[in-house]
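Beneath this line is the structure, given in structure tokens, with notes to follow.
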Amino acid sequence: MLSLGFCQFLNGQFLKGLLFILLEVVINIQYNFNQVIIYSFQGDIQSAIEYTNYQWLMFYPYIYMFAIWDAYKDAGGAFSAYFLTVGLIYSSRLELFLRFITLGDRQF
């Protein structure tokens, strides 16, 4: 996953990009991201759930979506990751040529 702030760097907005990167680091530290990943890789899902700080974790999607929207806006509409991310969030089924493509029940 692309880290927050790097698209702002590509658009030449270095201060805003640095702010987004610092926010991501603070959020990841506050919700114990690294320890949760370690627990989940070790198969200790219950410890990962208990160790997660959900208030900080729920703050991340707002910053993420704002950073993507901001990069899209500043690039003049040439940045399509915003629409891809919104589409992935809001659609569990993709309709192409009157066929449904789903992942859950393997219907293609």
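Of all residues in segment 50-67, those satisfying the criterion of being open to solvent by 80 Å² or more (accessible area, probe 1.4 Å) and part of a helix (DSSP H, G or I) are E50, Y51, Y54, Q55, W56, Y62, F66. Summed over segment 5-24, the residues that are modelled with pLDDT of 90 or more and open to solvent by 60 Å² or more (accessible area, probe 1.4 Å) give a count of 6.
Just one of Y64, Y90, Y60, Y72 is at pLDDT 60 or above and more than 11 Å from the chain's Cα centre (by Cα); which is it? From the options Y64, Y90, Y60, Y72, the qualifying one is Y72. Taking segment 4-20 as the range and being in a helix (DSSP H, G or I) and either within 14 Å of F66 (Cβ to Cβ) or in contact (Cβ under 8 Å) with a residue 60 or more places away in the chain (or both) as the test, the residues that pass are C7, Q8, L10, K16, G17, L19, F20.
On the given criteria, is Q35 within 17 Å of Y62 (Cα to Cα) and surrounded by 12 or more Cβ atoms within 10 Å (Cβ to Cβ)? No; evaluated as a whole, the condition is false for this residue.
When you go through (1) within 18 Å of L10 (Cβ to Cβ); (2) modelled with pLDDT of 85 or more; (3) of a type outside the set (S, T, N, Q) one by one for Y51, which number turns out not to apply? With (1) within 18 Å of L10 (Cβ to Cβ); (2) modelled with pLDDT of 85 or more; (3) of a type outside the set (S, T, N, Q) applied to Y51, the lone miss is (1).
The values are calculated or read from the model by the stated rules, or taken from the named source; none is laboratory data. Since we're looking at a predicted model, the values are computed, not measured. Quick reminder, even Gly has a Cβ in these numbers, built from the backbone with ideal geometry, and neighbours come from all protein chains shown. Just the protein is used for accessible areas: all its heavy atoms, side chains included, with ligands, DNA and RNA removed. Shrake-Rupley method; radii C 1.70, N 1.55, O 1.52, S 1.80 Å.
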